[in-house]
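Notes for the one structure printed next.
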Amino acid sequence: MNLPLPSIILLLFFPGGLFLIASGLVYQWADRKLVARFQNRIGPRWFQPLADVFKLLAKEEIVPTGAIKGLFHGLPIVALASALTAALYVPLAGFNASYSFQGDLIVVFYLLSVLTICIGLAGANNISRFSIIGATRTLTQIFSYEAPFLLALLGPAIAAGSWSISKINIYAQENVWLILAQPIGFVVALIGLMGKLELPPFDAPEAETEIVAGALTEYSGRGLALFRIGKDVELVIGLTLISALYLGGLANPLDFLWKTVVLLLVTAGLQALFARLRIDQTVGMWWRVGALLGLLQLLAIILGRLIGPLF
Amino acid sequence: MDLDKVLLEGENLLQPWTVSTSRPEENRSDVVVARENLHAAVEAIKDAGWGYLTAITGLDCPAPAVAEGEPAPEGNLELLYHFCNGLAVVTLRVSLPYGDPTLPSVCDLLPYATLYERELIELFGVRIQNTPDTSRLVLPDDWPDGIYPLRKAFTGFAAPATEEKE
Amino acid sequence: MPTQEQNQKFIVPIGPQHPALKEPGHFEFTVDGEIVTAASVRLGYVHRGIEKGTEDRTWTQNVYLLERICGICSHVHVTAYVVAVEQLAKVQAPPRAEAIRTIVAELERIHSHMLWLGVAAHEGGFDSLFMYSWRDRETVMDILETISGNRVHYSANILGGVKFDIDDQKRDFILKGLEFLEERTNHYMKIVTTDETFLGRTRNIGTMTKEQAIELGAVGPTARASGVTIDIRDSAPYSAYKTFPVNVITDETGDLLARFVVRIKELLESYRLIREILDHMPEGELAARIPRRIPAGETIHRVEAPRGELFYYVKSGGGDKPERIKVRTPSLCNWSSVINFAVGHKLADMPMILAGIDPCFSCNDRLIKIRRANQSQVWTWEDLRLHGIEYYR
């Protein structure tokens, strides 16, 4: 479906901007609620994430001594902006992407990484010990999952023969679901997304029992709110991306809804299932298992494309 | 294990340094040793592998009140090193006068005694020589020096008096 | 970041206020990257002066004071004290009282070990286990509430006996609860020993050999996980443990996993013991009479608290107040072991290693008279009391 709307609306209200933030908060709530139910807890009320954001926005923002002021205020804005920009290239809510060009898959991929790098920088910008350790871990982790995650997104692109998310989306709708053709790639992509979002068991960078809140320990008020919204937005984009690529594309809003919710159920289940990995275990796992599986999948696709036409 | 035999074994180990021995309860033996012999006595128990040091109790025994005019006898601090072996408990009693409450450390033999010794230093004002760590363990950082809360003489701070000390 | 560059050491403080420790203790870990190179401990943030306080109170009042040393092992402290006083007074508590004391002590051990299981899992970032074990812990809390009326400070003991009886109705309630708990405990055993991510956080972490455990004076489940057979219930049995012996649970490996396994097996052993005592409840009185003034003398009583050996020294001068009560709590013994085997591990393992010994800060902090600073004036206990009365009037 195409949206006949002027660009400014696309950017600020729908599907970017406000709608995206709102859906980010809803998905955050759904995630928290699901994990809570899996853990036999009640979980938060539906408006809790929104209330959190309002509370944080109303709070005083304290700039700790030793931090560079401009960076301290600028990084959350850059982080959120990059996450929101990334949304313009994905088929959000089942509508065609607002903008599309050859190679936007790579752009989205890096826009999503900017958020993580901003968090890392925000931590390193402080002199708090927890922040610095958290930043080190965040940046260590980004180097571990990024390569396998990219490999996993590469699979559908090769299958569709295009670097444009919109084209892959159309290809996915017309062909057999890629989760069947490339199951390993799907698993790596989904777990890579969890690593990207620092969800358990990959939450070592913000392990509260060791380093309080990791890189964002010194953030309060506005900055923290922006970072959190950025993460929520990233969650929505990530889920959209994976369902567009692997779960037979997103043709309409209903399609979007049920596919992303199913994915969310799976990730919430995984979050409840595992103990936190130490940072060295995370890195080891991604490079030893994740990257290898990603490469294997890629090899299988290339072989398939070579052998396929013979039959 | 025969309780009596175990206790006797412990008493025999301490024989060379014993000043006096008593059996206040059927599973306990009190052995009084002089403080200069404490280290050697603990070493003997440790080398024989007889039980383990359970606790060090500090006791404050102020001198009984005397009639006016007479010189007041000096009070004592008593340290009780409790060694347990099954049901049997052997207690080494060391007595220290207020004027000179010094004692050798046993941390070189039993490294885990350091926390007990730090307690004694802070709460009773025992001066333990060669103990590896003398930093504050339990008392607040701004606790005045020279006030030992578990001595009987300490009955709390009087409000005006402590203001100067702070 | 000039501060870090100036002092070469990078010290990570944990506590007194930190999400890993819900109780006030302060640790400093010097780290090199993620590896811990030195550790130190500072206690005493919540000192209450209980040992000194006992000297101002009568024998009976002390029952209530000592129960409040710890919120988790409240019963076992009083048991140690009460039995010591009974020894001094040459009074023997009736067998039924001793059986009830032991049942409550074992129920308390269940509640403490389940609490620990949850906390330790939480430190390792395994929140699901934390939530479930704490949910199931409510069962034993309910049992304790049903038989005693209280969830935490049961006030089961009085000098010379116990306060309440366990009748058939309560007995059935306990047995029903234990059945559920046993099933859950077996399930936890399976999770702890088979879940790969969790094993990655516990296997070969914080390993302490038998020799080290003896050298460092470890007690309780921490020592037993290293293969040291030290359990006061077995080596110096008291109360009903004389008639109902326990099997000492040990494990050889001495790592965090072993500490989990030992505590979970102890849960199962407690269930067995409680059932056995309930099946063979001795009949008789609940309490013996005890004089108000305790004859002069001194005595020692040792009990096995959930965290290890608890030592009480009681000295009486013959009056209605004790001369001196010395408490040596198990957590104090285990600190030295933590400080020693923390070095060389990763920072990420610290919370679990700390939790591994089941530290109890109220156990440690019990020595000093309470003192509050208010406008540069130091308040005595009496001032504080008057202030309290005034404030709530």
**Asked** Which of (1) modelled with pLDDT of 85 or more; (2) over 18 Å from the mean Cα position of the chain (by Cα) does C:V78 not meet, given it meets every other one?
**Response** (2)
**Message:** If a residue counts only when it is under 14 Å from the mean Cα position of the chain (by Cα), which helices (runs of 4 or more DSSP H) contained entirely in the stretch A:126-210 have at least 1 such residues?
**Reply:** A:129-160, A:183-196
**Prompt:** What are the residue pairs meeting all of these: first residue in the stretch A:276-293, first residue among the hydroxyl-bearing types (S, T, Y), second residue assigned to a helix (DSSP H, G or I), Cβ atoms under 7 Å, and 6 or more apart or on different chains?
**Reply:** A:T282/A:Q141; A:T282/A:S144; A:T282/A:A204
**Item:** Which numbered condition A:A204 fails, given (1) crowded, with 24+ Cβ neighbours inside 10 Å; (2) more than 14 Å from chain C (Cβ to nearest Cβ); (3) closer than 13 Å to A:Y145 by Cβ
**Value:** (2)
**Asked** So which residues in the stretch B:103-125 are touching a helix residue (DSSP H, G or I) at 6+ places or on another chain (Cβ under 8 Å), not in a helix (DSSP H, G or I) and not aromatic (F, W, Y), if there are any at all?
**Response** B:L103, B:P104, B:S105, B:V106, B:C107, B:L109, B:L110, B:P111
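Given B:L7, B:L38, B:L14, which one is within 14 Å of chain C (Cβ to nearest Cβ) and touching a strand residue (DSSP E or B) at 6+ places or on another chain (Cβ under 9 Å)? Write out each step before concluding.
Details: B:L38 fails: within 14 Å of chain C (Cβ to nearest Cβ); B:L14 fails: within 14 Å of chain C (Cβ to nearest Cβ).
So the residue among B:L7, B:L38, B:L14 that is within 14 Å of chain C (Cβ to nearest Cβ) and touching a strand residue (DSSP E or B) at 6+ places or on another chain (Cβ under 9 Å) is B:L7.
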**Message:** For a quick check of your reading of the model, give me the residue pairs whose first member lies in the stretch A:40-60 and is more than 14 Å from chain C (Cβ to nearest Cβ), whose second is at pLDDT below 90 and part of a loop (DSSP other than H, G, I, E, B), with beta-carbon atoms closer than 7 Å and at least 6 apart or on different chains.
**Reply:** A:K59/A:S220
**Asked** If A:F149 passes every condition in (1) within 14 Å of chain C (Cβ to nearest Cβ); (2) under 25 Å from A:V107 (Cα atoms) but one, which one does it miss?
**Response** (1)
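Among the hydroxyl-bearing types (S, T, Y) and more than 14 Å from chain C (Cβ to nearest Cβ) - does that describe any residue in the stretch A:69-83? Spell out how you get there, then give the answer.
Filtering the stretch A:69-83 for residues among the hydroxyl-bearing types (S, T, Y) gives A:82.
Next, from what is left, pick out any that are more than 14 Å from chain C (Cβ to nearest Cβ): A:82.
Taking every residue of the stretch A:69-83 in turn, at least one turns out to be among the hydroxyl-bearing types (S, T, Y) and more than 14 Å from chain C (Cβ to nearest Cβ).
Matching residues to (1) away from chain C (no Cβ under 14 Å); (2) touching a Gly at 6+ places or on another chain (Cβ under 8 Å); (3) of a type in the set (D, E):
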| site | (1), (2), (3) |
| --- | --- |
| A:V261 | yes, no, no |
| A:A272 | no, no, no |
| A:Q281 | no, yes, no |
| A:L293 | yes, no, no |
| A:L296 | yes, no, no |
| A:L299 | yes, no, no |
| A:R305 | yes, no, no |
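Say we look at the stretch C:195-241 and pick out the residues that are of a type in the set (V, I, T) and away from chain B (no Cβ under 14 Å); which of these is farthest from the chain's Cα centre (by Cα)?
Of all residues in the stretch C:195-241, those of a type in the set (V, I, T) come to C:197, C:202, C:205, C:207, C:209, C:214, C:219, C:222, C:228-230, C:232.
Checking the rest, the ones that are also away from chain B (no Cβ under 14 Å) come to C:197, C:202, C:205, C:207, C:209.
Numbers: C:T197: 29, C:T202: 22, C:I205: 23, C:T207: 22, C:T209: 23 Å.
So, considering only residues that are of a type in the set (V, I, T) and away from chain B (no Cβ under 14 Å), the one farthest from the chain's Cα centre (by Cα) is C:T197.
Only one residue in A:A87, A:A160 is touching a Phe, Trp or Tyr at 6+ places or on another chain (Cβ under 6 Å) and surrounded by 17 or more Cβ atoms within 10 Å (Cβ to Cβ), so which one is that?
Details: A:A87 fails: touching a Phe, Trp or Tyr at 6+ places or on another chain (Cβ under 6 Å).
It is A:A160.
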**Request:** Go through (1) farther than 22 Å from A:S23 by Cα; (2) hydroxyl-bearing (S, T, Y); (3) assigned to a helix (DSSP H, G or I) one by one and return the number of the condition A:S82 breaks.
**Result:** (1)
**Request:** Provide a single number: the residues in the stretch C:29-57 that are more than 9 Å from chain B (Cβ to nearest Cβ), within 25 Å of the chain's Cα centre (by Cα) and among the β-branched types (V, I, T).
**Result:** 3
**Item:** Selection status of B:L92, closer than 24 Å to C:V327 by Cβ, outside any loop (DSSP other than H, G, I, E, B) and more than 11 Å from chain C (Cβ to nearest Cβ)
**Value:** yes
**Request:** Can you run down the residue pairs with Cβ atoms below 6 Å, 6 or more apart or on separate chains, where the first is in the stretch A:99-114 and within 17 Å of A:L245 (Cα to Cα) and in contact (Cβ under 8 Å) with a residue 24 or more places away in the chain and the partner is assigned to a helix (DSSP H, G or I) and not hydrophobic (A, V, I, L, M, F, W, C)?
**Result:** A:S100/A:S166; A:L112/A:E234
**Prompt:** Which condition does B:G58 not pass, out of (1) facing another protein chain (nearest Cβ under 9 Å); (2) closer than 21 Å to C:P237 by Cα; (3) small (G, A, S), if it passes all the others?
**Reply:** (2)
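Of all residues being among the small types (G, A, S) and under 17 Å from the mean Cα position of the chain (by Cα) in the stretch C:307-331, which is modelled with the highest pLDDT? Just the residue, please.
Per the criteria, the residue is C:G308.
Can you list the helices (runs of 4 or more DSSP H) lying wholly within the stretch C:37-151 that have 1 or more residues being aliphatic (A, V, I, L, M) and under 30 Å from A:V35 (Cβ atoms)?
Working: elements: C:50-54, C:59-67, C:74-89, C:95-123, C:127-148.
Of the helices (runs of 4 or more DSSP H) lying wholly inside the stretch C:37-151, those with at least 1 residues that are aliphatic (A, V, I, L, M) and under 30 Å from A:V35 (Cβ atoms) span C:95-123, C:127-148.
The values are calculated or read from the model by the stated rules, or taken from the named source; none is laboratory data. The structure displayed is predicted, hence computed values, not measured ones. Positions of Cβ are backbone-derived with ideal geometry, glycine not excepted, and every protein chain shown enters the neighbour counts.
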